[in-house]
Every structure is written in C-alpha cells, then in structure tokens.
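The values are calculated or read from the model by the stated rules, or taken from the named source; none is laboratory data. The model shown is predicted, which means the values in this text are computed figures rather than measured ones. Neighbour counts run over all protein chains shown; Cβ positions are idealised from the backbone, glycine included. Areas reflect the complete protein model, heavy atoms only, side chains present, ligands, DNA and RNA absent. Shrake-Rupley method; radii C 1.70, N 1.55, O 1.52, S 1.80 Å.
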Amino acid sequence: MNLQSQSWSARRQSRVVRSLKPIIFVAVAALLSTAIFLFSTYDTRPLTSQYAIVSSRGLCPQEDVLIPRTNFELWTAIGEEIGTIAFKASAIHWLSGAVQIETETYDDMGPVGEEPRWENRLLFHEYLEKTFPLVHTVLKVEKINKYGLLYTWQGTNVSLKPSLLMAHFDVVPVNPETLSEWAYPPYSGWFDGQLIWGRGSNDDKSGLIGTIGAIEVLLRYGFQPSRTFVAAFGFDEEGGGSRGAKELAATVLHRYGENSFALIIDEGGGFSEKFGTVFATPGIAEKGSVNIDLSIAAPGGHSSIPPEHTSIGILSALLVHLENHPFEVHIERETSSYQMFQCFAEYGATISAALRDAIKQSASSDVALREVEAILFQDQWFKSLVGTTQAVDMIHGGVKSNALPEQAWAVVNHRIATTSSVNATVEHAVDLFLPLAKEFDLKFSTFGKTISTPETEPKGSLKLTTSFGLEPAPISPFRGDKSAPYQLLSGTIKATYNAHRDLSGDNIAVGPGMPTGNTDTKHYWPLSEHIFRYKHHNGGSSNNPLSGAHTVNESFSADSLLETVQFFVTLILNIDESNEL
Ligand SMILES: [Zn+2]
C-alpha cells in the first residue's frame, strides 16, 4: 500500500466522523445535557454547509446530502471499514481478478450454444461465486440465456417496489496491434499503487464489482432489505446486448410487469471537474442511434473504357456531400443538456462571465441562446452531446485494379439528438441524396420503395437501408412530482462524494446529464420511468472523460473503486428506507 491509500482512508474516516457530529450532538444533547461539554470541540455546522452545494432555488436546484437514518450505524461501520487498508487491498483484488478473465465481445459472434467465444463467461461466473460467497448463498442466482446473471435479493416487504442494479461484464476486444502501447498488459489487472490496469477495469467491471461488492459487505454485516433488489449483469453489452440484457430484461419484465421498478441504475459517467467545479451528471436521457447503409450499383466492365463516374466515385461524392451538410445543431430549452448547462452557469466557478450571462439570459432570450451555442460548440464534445451526429465508419468497393467496381457501399453511423427520431434522421439523408441521385442518373430507393427514377436509362442505383435503429430514450423525471428517485440518487451522490485533491474544491454539484453513447438500459425502458446511467467515480477532466475505455491503457483508480462500493452501499440503504419511491 502507498501513501495514497492512507490518505484516502484518513479522509474517509474523518468524513464519517464529521458526518456523525450533528446527529450525535442532537441525540446526546437531548438525553444528556450535562454531558454537552464532551462535544464542545466538535464542529456542529450542518453537514450540508461543509460538504455539498445546497440550493433549492436558482437555475439548478440542489438536493441535500442524503445519509441513511434507520441504518445510520450500519452505514457508518461499513464506511469505516471501506476506509481501511485491508478493505482497499481486497477491493483491488476483486477488480484485478475480474479484469484477468478475458470476456471480449466481437461483432461477428454466433448464437449462444454454438459460439465457443462466449464460454469464457463461465469462468467469470465461477470467479464471482468464489469471490463473493455470501451473495451466492443468500441471493437467488439465475443464469439467463446461459451467461446473463440475474440476482434477486428478496425484500421482506413485497408491497414495496423493487430496484434494479445493472452492469455488464463483457469488454471490447483489445486490438493486437496496439499491445505495445499499453503501459501494462491489458489482461494483467496490474495494480501500480494507484490504478488497476486493463481492459474492462473501467467499462464496466468496476461497476459490476462495485455493486456485488457492496451487497457482499452489507450481507456480512447482516443487512436484510425490506425492498427487493435485483441485479442484472449482461454479457454482450459491447455487441448491443441482444443476447444478454435483452433476455434478462424480458425475464424481469415477465416476472414483475411494466413500471414495476422504483429505479434502475446502470453504467455511466462519474463526477468530474467542469468550469472549476466538480459536477456529477447522472444520465437521465440517452441519444438514439441508427446506421444508414448506402449502396451504389453500377455496370462493371474493363477499366480501360470507364464511365465518367464509377460506383466508387459516385459514393465518394455522396459522402463528401453528407459531410458538407451535417445536421444543424441547436440547444433546446426542454432538453437535459440545457439543464446541465444551467447547472454549469449556476455553479461553475471559472465559467466565463459571458457564458454565464448568456446561459442565464437564454431562459427567455433566443439571441442569448444562440450566443450560448456559439461559445459552447467550440468544444466538439458539447456539440456532439446536443445534436444528431453522423460518422462515415465503413466503406467498401471494388475487387480488382483493372475492373470497374459493380458495387460500392458505406455505413454512416448516427447518434440521434433527444429531440429527434430515427425517421427524421433517415429523411434528412433521403433529402440530402435526392439531388445527387438525379445528377448521377441513379435509380434511388429506400426500403424497397422507389424514391426517384431518371427519365433516361439509369446509370446505376442508389439504395439506402438502415440497421440498429434505436429511438432516443424516454427522459427520467428530474424535477416535479415524479422526481423522488432522482432526488434520492442526487442526495446519495453527495453523501458519498469525497473531496478530491486532484479536483478543485470540496463541493460537488449534481445536475441531469446524458452519456454520448448507449447502454444496456435500452432494453429495460418498460420496467421503470426512472432510469439513471451513473457510476460514482472520479471521471477526471473533460479532456479524458473515458479513462481509456474502448482504447489503450484502460484503467480505474483504487480510490474510485472504493467510492463505487461506498456509493452502492449508501444507495441500497437509502432506497431501502425511502418512503417516497
Ligand atoms: Zn460499458
């Protein structure tokens, strides 16, 4: 162990002690006024004024810190244990061992039962059974579609809505050509004194280990929930979740019915510093997506007598036209992104006065709203978050250097703005390509329906098809009557947050956010209106928000892992004693 671990431990313990103060003070003062002097050295300022931004007004209302009350002593004892060096060592061991099992998902994997590359998932099951014995003794464990893991922690009061904790244990493959770029081998699970290295350490084995580790610890302390908790761990999220999450969700839906869960939480971003303030932005929305496949067919022949444009030339012209006409991107006031920007304006310590003023005035001024766009969209991340994006990701054409290409095709991946739809995205493409189809004398069709035919003999054809169409997710309520689950999550984040020396300030603000990608939650929409994508960890700066996820040098800090465990312990206890879910 290094100094880092001791400092985390010290911070954790001092925080728990400080968080105890107001409650101890009140209880003891009431019962034993003569003993008040014992506590006179404690600082009895409310917890909230010291550790979290709290405001019920303004652009970005903040919830109070939410700590368990019925189970306060249990929560405190577990918090203290999580702060020990011994616990840190075992948590590192948990995640390191999980990373060492290669659970890669490839795009071309065959069905479960036939495809041998799924079978390493069984090693992962065995690893969990061995590492978390209490979970596998007390909870009901089911294997869905052979590899999906469904845990049921039955509550004592079946009239209360259950909650669903999600994660996935597959990973994206490591590109063998990048092996030399990894600081440590990608399946080593190496701990360098600060970080646990390897594919999946961040996305999303840390989320899974944080969840199951929290349950294991709670069981060891004898906790029995009154509400039922279900944990569902998918095994092919990186391939879209059609074999894992989809089957898991179908099982859960069949068992519990629509809108049966108080809340669902899955992987997502953590907290990070933006505009000089630490923000946690749990995802309450998710963009849609669709692939548009463009296929050009044209007569073949010897390349010594070429037409003016080959299928490859025409396809290239279409793609250049597409890139020259990206979707117009505008911030709309009812979106979660706009709410997030308001939180930045309200709490961002170093946000420029021009941006802050523009955001504040934009609530009623369209001119100010355009000004906000002009400033924020200088950062491509913000622009991508708000608008529908397009990326030409695949292209193919031709088979021989002296033969005219009869076919050429490309795939354009779109991530659809929450205010748009799959249909609107496809229509945009059709409108864009129609003039070019005419210019190149192509027969143009989409989904078997002819859009346009040249008056003379066509020189070729253009077909548009789509795949992986997914509408933007329903937005989870974060204000108003239905926002109790969001408020509970928000208060839990504040109760868990530790001041980070590598981030500025002790305070954390929480506002609604949205991941740029999709998660397995897309299969779970019917189960709850309250779906959140959030993993409580230090997500670093906005320049490197993914910590190596999906690329080289993926890693996850041991301190973040401890906070993830602490977060799930706090979340489970808070959910369990809530009267409002
Ligand atoms: Zn993931």
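Computed quantities for the displayed model
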item	result
Residue satisfying all of: in the range 180-209; among the aliphatic types (A, V, I, L, M) and open to solvent by 30 Å² or more (accessible area, probe 1.4 Å); nearest to T519 (Cα to Cα) among these	L195
Residue match in the range 126-138 (condition: surrounded by fewer than 19 Cβ atoms within 10 Å (Cβ to Cβ) and not in a helix (DSSP H, G or I))	no
Considering residues of the range 513-526 that are within 20 Å of L581 (Cα to Cα) and either surrounded by fewer than 24 Cβ atoms within 10 Å (Cβ to Cβ) or modelled with pLDDT under 95 (or both) only, the residue farthest from the ligand (Cβ to nearest atom)	P526
Enumeration of residues in the range 210-263 that are under 23 Å from L128 (Cα atoms), open to solvent by less than 20 Å² (accessible area, probe 1.4 Å) and in contact with a His (Cβ under 9 Å, 6 or more places away or on another chain)	G210, F233, G234, F235, D236, E237, G241, G244, A245, L248, A249
Qualifying residue in the range 370-380 (condition: farther than 21 Å from I292 by Cβ and among the small types (G, A, S))	yes
Residues satisfying the stated conditions in the range 143-179, i.e. in contact with a Lys or Arg (Cβ under 9 Å, 6 or more places away or on another chain), part of a strand (DSSP E or B) and either more than 16 Å from the ligand (Cβ to nearest atom) or open to solvent by 40 Å² or more (accessible area, probe 1.4 Å) (or both)	L150, Y151, T152, W153, S163
Residue within the range 151-159 that is touching a residue at least 60 places away in the same chain (Cβ under 8 Å), in contact with a His (Cβ under 9 Å, 6 or more places away or on another chain) and of a type in the set (S, T, N, Q) present	no
Leading residue by the ranking (modelled with the highest pLDDT) among those in the range 487-512 that are of a type in the set (A, V, I, L, M, F, W, C) and out of contact with any Pro (no Cβ under 8 Å at 6 or more places or on another chain)	L488
Restricting the range 343-383 to residues that are surrounded by 15 or more Cβ atoms within 10 Å (Cβ to Cβ) and of a type in the set (F, W, Y), the residue that is nearest to P512 (Cα to Cα)	F344
Total residues in the range 313-329, condition free of Cβ contacts under 8 Å to residues at least 60 places away in the same chain and open to solvent by 80 Å² or more (accessible area, probe 1.4 Å)	3
Residues (touching a residue at least 12 places away in the same chain (Cβ under 8 Å) and either open to solvent by less than 70 Å² (accessible area, probe 1.4 Å) or charged (D, E, K, R) (or both)) located in the range 101-110	I101, E102, T103, E104, T105, D107, M109
L122 vs. criteria open to solvent by 50 Å² or more (accessible area, probe 1.4 Å), farther than 25 Å from V172 by Cβ and either assigned to a loop (DSSP other than H, G, I, E, B) or not polar (S, T, N, Q) (or both)	no
Output for the range 405-422, where each listed residue is in a loop (DSSP other than H, G, I, E, B) and open to solvent by 20 Å² or more (accessible area, probe 1.4 Å)	E406, T418, T419, S420, S421
Residue match in the range 314-326 (condition: under 27 Å from G517 (Cα atoms) and among the hydroxyl-bearing types (S, T, Y))	no
The lone exception for T456 - which of (1) within 29 Å of I331 (Cβ to Cβ); (2) open to solvent by 40 Å² or more (accessible area, probe 1.4 Å) it fails	(1)
Pairs where the first residue, in the range 80-100, is assigned to a loop (DSSP other than H, G, I, E, B) and the second is surrounded by 15 or more Cβ atoms within 10 Å (Cβ to Cβ), C-beta under 6 Å, 6+ apart	G83/S9; G83/R12; G83/Q13; Q100/Y187; Q100/G189
Matching entry among L462, L432, L488, L442 (being more than 16 Å from the ligand (Cβ to nearest atom), over 27 Å from G257 (Cα atoms) and out of contact with any strand residue (DSSP E or B) (no Cβ under 6 Å at 6 or more places or on another chain))	L432
R227 more than 15 Å from the ligand (Cβ to nearest atom) and out of contact with any Phe, Trp or Tyr (no Cβ under 6 Å at 6 or more places or on another chain)	yes
Count of the range 436-495 residues which are in a loop (DSSP other than H, G, I, E, B) and farther than 30 Å from W409 by Cβ	10
Filtered residue count, the range 385-404, keeping only those that are polar (S, T, N, Q), in contact with a Ser or Thr (Cβ under 7 Å, 6 or more places away or on another chain) and surrounded by fewer than 17 Cβ atoms within 10 Å (Cβ to Cβ)	1
Total residues in the range 267-283, condition within 15 Å of the ligand (Cβ to nearest atom) and in contact with a Leu (Cβ under 8 Å, 6 or more places away or on another chain)	0
Subset of the range 182-224 [in a helix (DSSP H, G or I), out of contact with any Phe, Trp or Tyr (no Cβ under 7 Å at 6 or more places or on another chain) and closer than 18 Å to Y127 by Cα]	G207, V217
Elements of type strands (runs of 3 or more DSSP E) contained in the range 246-332, each with 3 or more residues being at pLDDT below 95 and closer than 23 Å to F377 by Cβ	271-274
